[in-house]
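Step one of this worksheet: look at the structure below.
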Amino acid sequence: MSSKSIKSNHYFSYVKDKSGLRCVILLVPILGNITVGIYDLIQNRRAKRNEKAERFAQDIQAISLGLDCDALPHDINKRRQILEDKQQEIIQIQIKSFDQQIIVMEGVVERFNKIIKDPQEPLELSSNGKIIGTYEGSHPDKIEEFWSSVKLVFFMQEWLNSSLSTPVPDQIVEISQKQQELIKIKNTLLELRQTSYHDYVQTIGKDELLQEAQIYYLETPKHEPEDDVKQMDLATILPKLEEVVLNKDKNDYNFIELQEIISRIKEI
């Protein structure tokens, strides 16, 4: 017999893989068989419990991945492979989405820079993806108009990313890196807005500053009736603005303007 045929023999593999300790225990008459039998029973029960726990965990993962648990095969290894393949598919969708968002956001940064630096830079107005005209307002109004569009992009981006989330996005290095890159671009836009608005409020007088303060205070979730706000002066509205900034929501991007208005009021 060849060595190859012996090694491929099922019985040879069975004997070769036998535990030495198990063989020694089985040499003990009666007591050895009882000991091994009890051990096998315990191991079988433990294996069934582990399989049941893993199957339950797989069902939870399947639901989170949008799969029908009843449609999964009974074999636990096949189920595991299907879940891994589905998760990889979702991860690739996320990566592609983040790549597209990064490209869009980099374009927004470049466009915002141009509008801030050049008063003559045109700002196109669009509807349903088609350009319908050019914004004709002043330079500060043009910046304000573009910033309103940027905030809308922020909200849409947050909604999209929450709808694409998987149970373990932060554990995927590539996804985590792209999330950090998006955050960095977003912070760049926030810094551009803060710098441009700071320069703006430094050039306006008390009356215009009060109008700005009233406008942004009226956009906050909780405020006095509009007629009462219109009667406030700078000294009256200042503590109101400070309270809003102190309790600001993380997704309220108006805090940039509120902070600059507060600082300017205190300078006057």
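Observations, loosely collected:
- Members of the stretch 23-75 that are more than 30 Å from the chain's Cα centre (by Cα) and of a type in the set (K, R): R45, R46, K48, R49, K52
- Every listed requirement among (1) under 30 Å from F98 (Cβ atoms); (2) surrounded by fewer than 12 Cβ atoms within 10 Å (Cβ to Cβ) is met by I185 save one, (2).
- Yes/no for I34 being at pLDDT 85 or above, over 25 Å from I76 (Cα atoms) and surrounded by 10 or more Cβ atoms within 10 Å (Cβ to Cβ): yes
- The listed residue being within 30 Å of I90 (Cβ to Cβ) and of a type in the set (D, E), out of E106, E124, E110: E106
- Among the residues of the stretch 248-260, not a single one is buried (at least 19 other Cβ atoms within 10 Å of the Cβ) and touching an Asp or Glu at 6+ places or on another chain (Cβ under 7 Å).
Per-residue answers, yes or no, for (1) at pLDDT 85 or above; (2) surrounded by fewer than 13 Cβ atoms within 10 Å (Cβ to Cβ); (3) of a type in the set (S, T, N, Q); (4) in a helix (DSSP H, G or I):
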site	(1), (2), (3), (4)
P29	no, yes, no, no
D40	no, yes, no, yes
Q43	no, yes, yes, yes
R46	yes, yes, no, yes
R49	yes, yes, no, yes
Q58	no, no, yes, yes
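- Screening N128 on (1) surrounded by 10 or more Cβ atoms within 10 Å (Cβ to Cβ); (2) modelled with pLDDT under 90 shows it passes everything except condition (1).
- Qualifying residue in the stretch 64-75 (condition: assigned to a helix (DSSP H, G or I), loosely packed, with under 12 Cβ neighbours inside 10 Å, at pLDDT below 80 and among the charged types (D, E, K, R)): no
- Test: residue in the stretch 184-195 that is modelled with pLDDT under 85 and either assigned by TED's automatic domain parsing to the domain that holds G137 or aromatic (F, W, Y) (or both): no
- Among (1) surrounded by 11 or more Cβ atoms within 10 Å (Cβ to Cβ); (2) modelled with pLDDT under 90; (3) not in a helix (DSSP H, G or I) - the single one Q179 does not satisfy: (3)
- Candidates E242, E224, E219: the one that is at pLDDT 90 or above, surrounded by fewer than 16 Cβ atoms within 10 Å (Cβ to Cβ) and of a type in the set (D, E) is E242.
The values are calculated or read from the model by the stated rules, or taken from the named source; none is laboratory data. Here the structure is a predicted model, which is why all the values come from computation and not from measurement. Don't worry about glycine lacking a Cβ; one is built from the backbone with ideal geometry, like all the others, and counts go over all protein chains shown.
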